[in-house]
Amino acid sequence: MIAVITLKSTGQQITAELKEKKPCFCNRDFTVQEVKDIIKGIRENDDIISRRQYIKDFPENEVAQFHKNKDGYKNNPVLIYKGKFIVKYGEQYFSLKEGVEEKIPNKVVPPNYMEKFSDFTRKGDKIFSDYYKGKTNKPEEQIELKSGEDMYEEFTKCLNYTFREYGITTCLQKIHFLAQCYVETMHFLNTIEEGGSSAYSGGIAYKGRGLIHLTHDYNYLRYYDKSCETHFYDVYVRCLKKIGNNGSMGVTECLKQCKKDKRYIEKGKDDKFRKDVDDLIAAMEKVEKFRKDVSTVMIKAVGCAGWFWKESKINDVITGIDERTIRKVTKIINGGDNGLDDRIKYTKLFAKKLNYENCTNHK
């Protein structure tokens with residue numbers, strides 16, 4: 001908005017641009033452009049390095065034929081002097097674009113021209129499967145979109161729904177959520193854990209998926225219940241009690257033990273227990289198919305992180321963006337301090353990009 005102000009004393013007119021003050025992110029949705037700008041800003045300020053530039057790093061039309069006539073010219077370093085790109089041959093210097101000799105005072109040593117590179121230089125603003133288009137190092141499972149759908153639109157829509165559904169409403173809560181998810185997904189690229197471990201309950205099939213990697217068969221069962229409005233986790237708990245387990249056994253192992261139990265093998269001994277086991281077997285067949293949705297369907301990938309956030313009462317430990325708070329959040333998410341340095345770094349970066357210092361509530 002442009003405002004024109006007239007000074008009474010002189011009649012002079014002054015033109016000024018008035019910038020509209022944007023509201024903070026408390027209790028409101030993100031726009032698609034805001035999400036894109038935030039991710040771009042995070043990457044531009046991350047993993048910044050300075051790299052010496054060579055002729056090969058410049059477009060062909062910015063390199064004079066003079067240089068192209070020399071053997072191996074592309075590997076010659078480019079220097080800079082008084083804002084002009086130059087190349088040194090022996091004791092002489094020549095301009096990069098014109099190929100004309102530049103007279104440099106004897107005591108002056110022009111420095112190498114250095115270009116700054118960031119995570120944005122390498123990744124751009126692409127996220128999830130959009131980033132992997134045309135690449136060979138694709139993760140085994142990726143976000144799948146329907147024809148005509150836009151990745152950022154879907155991501156933003158699912159983020160906003162998840163924030164409302166699971167009570168992640170303040171700037172501070174959103175900052176912590178986004179920072180933790182950014183680390184878990186390798187910068188919003190992968191919704192499935194690389195490698196995985198057979199030590200997970202249920203085996204490697206139940207390795208990490210989603211924005212905050214969901215692991216273990218019993219957690220997949222719980223999230224399946226939430227998504228499908230069923231109550232099979234309660235059935236699992238009843239089966240554990242029947243075989244005398246205190247909850248240390250996963251669903252897959254629980255079913256193995258139940259199938260060996262005489263009350264299940266012999267009809268009529270305990271029909272209720274038998275039905276529970278059969279129901280749990282049928283449920284886990286559905287969970288087996290459902291687990292891949294957590295890494296390939298956007299709303300489930302984002303939603304499972306919000307569900308875990310609420311179930312784990314993470315909002316209750318968030319009091320600021322200090323390292324003590326970040327450590328508490330991290331411990332809930334991965335049971336320790338795995339990747340703590342990165343989680344601290346990205347929490348600070350997201351706080352900056354979400355303009356937390358100007359948050360209305362500052363909470």
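A short reminder: the numbers here are calculations on the coordinates, not readings from a lab. Just so we're clear, the structure is a prediction, and the values are computed from it rather than from any experiment. We place every Cβ from the backbone using ideal geometry, glycine too, and count neighbours over all the protein chains shown.
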Estimated vicinal HN-Hα couplings, Hz - region 149-160 in sequence order (Karplus 6.51, -1.76, 1.60; Gly, Pro = x): 7, 9, 4, 5, 5, 5, 4, 5, 4, 6, 4, 4
Flagged links, alpha-carbon separation over 20 Å, of 40/138; 242/262; 36/348; 40/123; 68/116: 40/138; 68/116
Region 306-316 - phi-based ³J(HN,Hα) in whole Hz, Karplus 6.51/-1.76/1.60, Gly and Pro as x: x, 4, 4, 4, 6, 4, 8, 6, 5, 4, 5
Candidate aspartates and glutamates - alpha carbon under 17 Å from residue 146, same-chain residues fewer than 8 apart omitted: 130, 154, 293
Computed over region 261-334: relative contact order in percent, which uses C-alpha pairs under 8 Å that are six or more apart: 12
Label-zone membership for region 220-235, site residue 312, 7 angstrom Cα→C-beta point, backbone N under 19 Å: 220-227
Amide H within-cut-off set for residue 24, under 5 Å, with H built and near neighbours excluded: 360
The chain - percent relative contact order, Cα under 8 Å, separation 6 or more: 18
Contour excess over end-to-end distance, with Cα ends at residue 322 and residue 275 and 0.36 nm allotted per residue: 11.9 nm
Answer label for Kirkwood radius over Cα pairs in Å (calculated), chosen among (1) 25.0; (2) 21.4; (3) 20.9: (1)
Reachable lysines from residue 289, criterion Cα separation under 18 angstrom, eight or more residues apart if same chain: 207, 226, 300
Whole-Hz ³J(HN,Hα) from phi, Karplus 6.51 cos²θ - 1.76 cosθ + 1.60, for region 64-79, glycine and proline x: 5, 4, 3, 6, 5, 6, 9, 4, x, 4, 5, 8, 6, x, 9, 10
Segment residue 248-residue 57, extension gain: residue separation times 0.36 nm, minus the distance between their alpha carbons: 63.0 nm
Distance-filtered residues of region 41-74 - backbone nitrogen under 13 Å, label point 7 angstrom along residue 89 Cα→Cβ: 64-74
Gained length - residue 122 relative to residue 204, 0.36 nm times residue gap less alpha-carbon distance: 26.4 nm
Two-site label geometry, residue 144 and residue 28: point separation in nm, points 7 Å out along Cα→Cβ: 3.7
Net +/- balance of residues flanking residue 138 in space, Cβ distance below 14 Å, scoring K and R +1, D and E -1: -2
Amide H within-cut-off set for residue 80, under 5 Å, with H built and near neighbours excluded: 86, 113
Interchain or long-range residues, amide H under 5 Å from residue 102's placed H: 93, 94, 95
